[in-house]
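Let me begin by presenting the structure, written as structure tokens, before commenting on it.
The values are calculated or read from the model by the stated rules, or taken from the named source; none is laboratory data. Just so we're clear, the structure is a prediction, and the values are computed from it rather than from any experiment. Cβ placement follows ideal geometry from the backbone for every residue including glycine, while neighbour counts extend to all protein chains displayed.
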Amino acid sequence: MKTKISRWAYAAILASLPLASWAQAWPSKQPIKLVAVFPPGGSVDQVARILSGPLSQQLGQSVVVENKGGASGVIGTAGVLSAPADGYTFAVVFDTHGVNQSLMPNMPYDSKKDLVPLVLVGTSAMMMTTHASTEYKTFTDVTAAAKAKKNVSFGTIGNGSLAHLAMTLLAKNGGMEFNHVPFKGGGPLMNDAIAGHIPLSVGTVFLTKPHIDSKRLRPLAVTSAKRVAEFPDVPTIAEMGFPGFEAPAWWALLASAKTPPEIVKRMNEELNKALANPDVSKRLVAQGIEISGGSVEKAKTFIDGQIDTWAKVVRENGIKAD
């Protein structure tokens, strides 16, 4: 009996060696890729790039950002899931991740089951802005025009984005009519917004702040439950006649659910360390992001809650992507 136990123990040790040595070797095998699921110039791209430098220093490995936009983040996320689940490819996602499942009937993955959150980077208000030259001086001007069905157009980062969904809900609840103009990410949206090609845009404070500071865009309202500290004079939509209205933007990093748990745990630790970096936190906070951080479980609870919340809104209001 003693000999058999020894053999079994020896076999178990041998079987565990490849996994142990492989896990210990991570991330020395190759550069780590952060897939920003929207094009360059938007907030997802910027969050990925702000984090890539500190992560590279902490891990002793190159961390590169690859932009893979399309379908409100679905194409980039699906690309991450098609890569080996070995801890070298992660997705940097936006709040669209929380609405895609309810709006797209043919999703190539299950947002809850196929992905594991690494960390919730943070949340932010979205802001409705207008070009400085338009007739819209206040949010009330916008709602009055929309109620009068004056073909009021607004741009967002894409079909099925949280901004699109929030504006659809706002229109339905307020008896208003808006014309949605989808763009392929925050960069293209801002390019047309500051050129005056689109009268209204709805994007994160992160995305719109530089153009508000330069006076090319005028802020009208924010989608958060409370006013944004950087813009104390800009009212919330809730206080402008839509009590309870809230639609926070958010950013997170995700991995395939098949990724080894020890790598998920390590990346969570490293990402929290990066978010605590004074330079990183300063750059994120300056752009209107309230840093979250915390455990994988905290991130999963928040993201799953967003998926459930917006699925209910879509179902009860019959909202569909364009």
- Query: Is at least one residue of region 305-315 under 25 Å from L59 (Cα atoms), of a type in the set (S, T, N, Q) and surrounded by 17 or more Cβ atoms within 10 Å (Cβ to Cβ)?
  - Reply: no
- Query: Among the residues of region 92-122, how many are among the hydroxyl-bearing types (S, T, Y) and either assigned by TED's automatic domain parsing to the domain that holds S224 or under 12 Å from K300 (Cα atoms) (or both)?
  - Reply: 1
- Message: Among the listed residues T140, T130, identify the single one that is surrounded by 21 or more Cβ atoms within 10 Å (Cβ to Cβ) and either modelled with pLDDT of 95 or more or more than 21 Å from F245 (Cβ to Cβ) (or both).
- Response: T130
- Task: Six or more apart or on different chains, Cβ under 6 Å: which pairs go from a residue in region 13-37 that's surrounded by 11 or more Cβ atoms within 10 Å (Cβ to Cβ) to one that's modelled with pLDDT under 50 and assigned to a strand (DSSP E or B)? Could you list them?
- Result: none
- Query: For region 98-127, which residues satisfy the criterion of being under 12 Å from A78 (Cβ atoms) and either in contact (Cβ under 8 Å) with a residue 24 or more places away in the chain or among the charged types (D, E, K, R) (or both)?
  - Reply: N100, M104, M107, P108, Y109, D110, S111, D114, L115
- Item | Checklist (1) assigned to a strand (DSSP E or B); (2) modelled with pLDDT under 95 applied to Q101, failing item | (1)
- Item | Which listed residue, of A195, A171, is among the aliphatic types (A, V, I, L, M), within 20 Å of W310 (Cβ to Cβ) and not assigned by TED's automatic domain parsing to the domain that holds A311 | A171
- Exactly one of G158, G186 is touching a His at 6+ places or on another chain (Cβ under 8 Å), surrounded by 24 or more Cβ atoms within 10 Å (Cβ to Cβ) and outside the structural domain of F94 (by TED's automatic domain parsing), and that residue is G158
- Note on the structure: Here the residues within region 63-87 that are surrounded by 19 or more Cβ atoms within 10 Å (Cβ to Cβ) and assigned to a loop (DSSP other than H, G, I, E, B) are G69, G87
- Task: Please enumerate the residues belonging to region 204-222 that are buried (at least 18 other Cβ atoms within 10 Å of the Cβ) and either part of a helix (DSSP H, G or I) or at pLDDT below 95 (or both).
- Result: T204, V205, F206, L207, T208, K209, H211, I212
- Within region 279-299, of all residues that are crowded, with 18+ Cβ neighbours inside 10 Å and of a type outside the set (S, T, N, Q), the one nearest to Q57 (Cα to Cα) is V280
- Query: If you check E290, E269, E239, which single one turns out to be within 21 Å of the chain's Cα centre (by Cα) and either outside the structural domain of A78 (by TED's automatic domain parsing) or farther than 30 Å from P84 by Cα (or both)?
  - Reply: E290
